[in-house]
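The values are calculated or read from the model by the stated rules, or taken from the named source; none is laboratory data. Fair warning: this is a prediction, and the values are worked out from it, not measured in the lab. Cβ: placed from backbone, ideal geometry, glycine included. Neighbour counts: every protein chain shown. Just the protein is used for accessible areas: all its heavy atoms, side chains included, with ligands, DNA and RNA removed. Shrake-Rupley method; radii C 1.70, N 1.55, O 1.52, S 1.80 Å.
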Amino acid sequence: MFAKTFGATTLGIDGMLIEVEADVTNGLPKFEIVGLADIAVKEARERVRAAVRNAGVTLAPKRITVNLAPADLRKNGSMLDLPIAVALLQAYGYLDRESCADSMFVAELSLEGQLRTVPGVLPMAILCRKLHIKRFFVAKGNEREALLVDGIEVYAVEELSQLIAFLEGREKLEPSVRIPPKMDNDVFVDDFADVQGQFMAKKALEVAASGGHNVLMVGSPGTGKTMLARRLPSILPKMSYQEALEVTKIYSIAGLLSRNGGLIMQRPFRSPHHTVSSVGIIGGGTIPKPGEVTLSHNGVLFLDELPEFSKMALEALRQPLEDGEVLITRVNASLKFPSRMILVASMNPCPCGYKNDRLHECTCTDYEIKRYTRKISGPLLDRIDIQIQVPRVQYQDFASGDKAECSAVIRQRVEKARQIQLSRFKGCNIFCNAQMSHAMIKEFCRLTDDASQMLKLVFEQMRLSARAYDRIIKVAQTIADLNGADRIEGGHIAQAVQFRNNLSLTEKI
């Protein structure tokens, strides 16, 4: 007897519908799963057989064939256990086809018949709504994630026997109720009020947060580079519901959502160790998974001790920084992962860390310094809009009783600048100045005569690349937005150039 039901898996950051077909015939007893299934899917034979038996259903020994369509797409993971079991029970005649119609099933099965949670439920729920499938059956613990999607009925099931009883009409199972997400989650442990001094660095991070610009901080050990970077999320604008849904979707696929699910409302802050591989940074694998640049989408990627990262990992950042997405190509598919994040990097000026330090003598030779900074290529540095020195904090900054400006006050200015940008780019599918293309710069960025003359002088004297030219204008536009100016003035260009060209490091790379 033939039967069919719906399951799902993930492809990139999207859900993929899987039609689970089961055929049961007389013959030599055998259980075969076909359709490019990986080892975890093939092992579903033993999990499903034991789970069905422990749910109180005895299956006669017959020849069983399960096909996972489309057959040319590789299936991985254990989320197809439940639809395989449901299709099998239909094929044996234990379940009526009508009772399983218009339903999608996603869960792993234990040998005892318990349903276990799986990653990637949110994109599957979005797919369920897109295909107008009314009912979505998941394991207890995945329901909050699925309930983030409107327009579908979500059923949280604990045991296979409970699901069988519901589909047979012997037991009632109520759809789970959605708990509205709180959009005002603004609790930050790290606050800029804790940072004494460093006014230039704090201003640079305010500009970076306002326009979505990348930042490189160079300074001696203990000057506060890491402390500053960790406080950047506290001044970023609140995420919109759509942005929060994008981030939650990514973390759902990566299996990083907390057990109670729910919408991620705070912008991501990722700080991978310098031993991370290029695949860990960009994403990939046999079945491509998101890397750090995607996990920091709509948030901050912090690379501490930048020269300690492998050259391959650093060079892999060039495309995501330019395009805002990562394209990973494999034999079976090409997958796109979003990567619109703010890159914040920090480093020492030399191996010993004390080049140009007022209190410590540098013991490094020119060759050692050049070797230390060689991993940071010119093209990568060219993609970093703001490059600043972080000097040693003065004693009077610590001793002063003046309270530093808190993150909440800085964030108000940042959000005001972002609102100006959202109005400017309405209908353009971009959200901040850093995302402007060259054509958009020509259209939206208006310079005064003073600013044009200064930009011309800077371009000729500094021998800027076309990319550096565009990025100076983008930073200047953000500074103008923070000041409430309608046009980019000479002072805005001067400040943008100062943010980009005050490193002696630039001469070394």
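Here is how the numbers come out for the structure above:
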| item | result |
| --- | --- |
| Matching residues, the range 318-333, being more than 28 Å from Ala468 (Cβ to Cβ) and basic (Lys, Arg) | Arg330 |
| Pairs with Cβ under 6 Å, 6+ apart, first in the range 454-467 and surrounded by 15 or more Cβ atoms within 10 Å (Cβ to Cβ), second at pLDDT 85 or above and small (Gly, Ala, Ser) | Met454/Gly490 |
| Residue within the range 101-109 that is without any contact (Cβ under 8 Å) to a residue 12 or more places away in the chain, of a type in the set (A, V, I, L, M) and under 17 Å from Thr5 (Cβ atoms) present | yes |
| Number of the exception - Leu232 against (1) among the hydrophobic types (A, V, I, L, M, F, W, C); (2) surrounded by fewer than 24 Cβ atoms within 10 Å (Cβ to Cβ); (3) more than 19 Å from Arg340 (Cβ to Cβ) | (3) |
| Candidates Arg411, Arg424, Arg446, filtered to the one that is open to solvent by less than 30 Å² (accessible area, probe 1.4 Å), modelled with pLDDT of 90 or more, of a type in the set (D, E, K, R) and within 30 Å of Glu243 (Cα to Cα) | Arg411 |
| Those residues of the range 483-504 which are among the hydrophobic types (A, V, I, L, M, F, W, C), surrounded by 19 or more Cβ atoms within 10 Å (Cβ to Cβ) and in a helix (DSSP H, G or I), in sequence order | Ile493, Ala496, Val497, Phe499 |
| Residue count, the range 273-287 (criterion: open to solvent by less than 20 Å² (accessible area, probe 1.4 Å) and either outside any helix (DSSP H, G or I) or hydroxyl-bearing (Ser, Thr, Tyr) (or both)) | 2 |
| Residues satisfying the stated conditions in the range 114-159, i.e. over 22 Å from Leu17 (Cβ atoms) and either open to solvent by less than 10 Å² (accessible area, probe 1.4 Å) or not acidic (Asp, Glu) (or both) | Gln114, Lys140, Gly141, Arg144 |
| Condition check for Ile18: among the β-branched types (Val, Ile, Thr), more than 30 Å from Leu335 (Cβ to Cβ), open to solvent by less than 30 Å² (accessible area, probe 1.4 Å) and not in a helix (DSSP H, G or I) | no |
| Residues of the range 80-113 that turn out to be touching a Leu at 6+ places or on another chain (Cβ under 8 Å) and surrounded by fewer than 21 Cβ atoms within 10 Å (Cβ to Cβ), as a count | 4 |
| Filtered residues of the range 302-341 (kept if assigned to a helix (DSSP H, G or I) and touching a Leu at 6+ places or on another chain (Cβ under 8 Å)) | Leu306, Leu314, Glu315, Arg318, Gln319, Leu321 |
| Thr58 open to solvent by less than 70 Å² (accessible area, probe 1.4 Å) and of a type in the set (S, T, N, Q) | no |
| Neighbours by Cβ (under 7 Å, 6+ apart or cross-chain): first from the range 357-374, open to solvent by 80 Å² or more (accessible area, probe 1.4 Å); second of a type outside the set (Ser, Thr, Tyr) and not in a loop (DSSP other than H, G, I, E, B) | Lys370/Lys508 |
| Helices (runs of 4 or more DSSP H) lying entirely in the range 78-181 (those with 3 or more residues that are in contact with a His (Cβ under 8 Å, 6 or more places away or on another chain) and farther than 26 Å from Ala244 by Cβ) | none |
| The lone exception for His297 - which of (1) under 18 Å from Arg330 (Cβ atoms); (2) in a loop (DSSP other than H, G, I, E, B); (3) within 11 Å of the chain's Cα centre (by Cα) it fails | (1) |
| Residues being within 29 Å of the chain's Cα centre (by Cα), within 16 Å of Tyr469 (Cβ to Cβ) and touching a residue at least 12 places away in the same chain (Cβ under 8 Å) - total across the range 434-452 | 6 |
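Matching residues to (1) in contact with a strand residue (DSSP E or B) (Cβ under 7 Å, 6 or more places away or on another chain); (2) surrounded by 18 or more Cβ atoms within 10 Å (Cβ to Cβ):
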| position | (1), (2) |
| --- | --- |
| Thr5 | yes, yes |
| Ala8 | yes, yes |
| Gly12 | yes, yes |
| Glu32 | yes, no |
| Ile39 | no, no |
| Glu43 | no, no |
| Glu46 | no, no |
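Okay, residues lined up against (1) over 18 Å from Gly35 (Cβ atoms); (2) modelled with pLDDT of 95 or more:
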site	(1), (2)
Ser78	no, no
Ala87	no, yes
Ala101	yes, no
Ala107	yes, yes
Leu115	yes, yes
Pro119	yes, no
Val138	yes, yes
Gly151	yes, no
Val154	yes, yes
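Here is a yes/no grid of residues against (1) at pLDDT below 95; (2) over 20 Å from Asn348 (Cβ atoms); (3) of a type outside the set (Ser, Thr, Tyr); (4) buried (at least 17 other Cβ atoms within 10 Å of the Cβ):
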{"site": "Val215", "(1), (2), (3), (4)": "no, no, yes, yes"}
{"site": "Tyr241", "(1), (2), (3), (4)": "yes, yes, no, no"}
{"site": "Ala254", "(1), (2), (3), (4)": "yes, yes, yes, yes"}
{"site": "Gln266", "(1), (2), (3), (4)": "yes, yes, yes, yes"}
{"site": "Lys311", "(1), (2), (3), (4)": "yes, no, yes, no"}
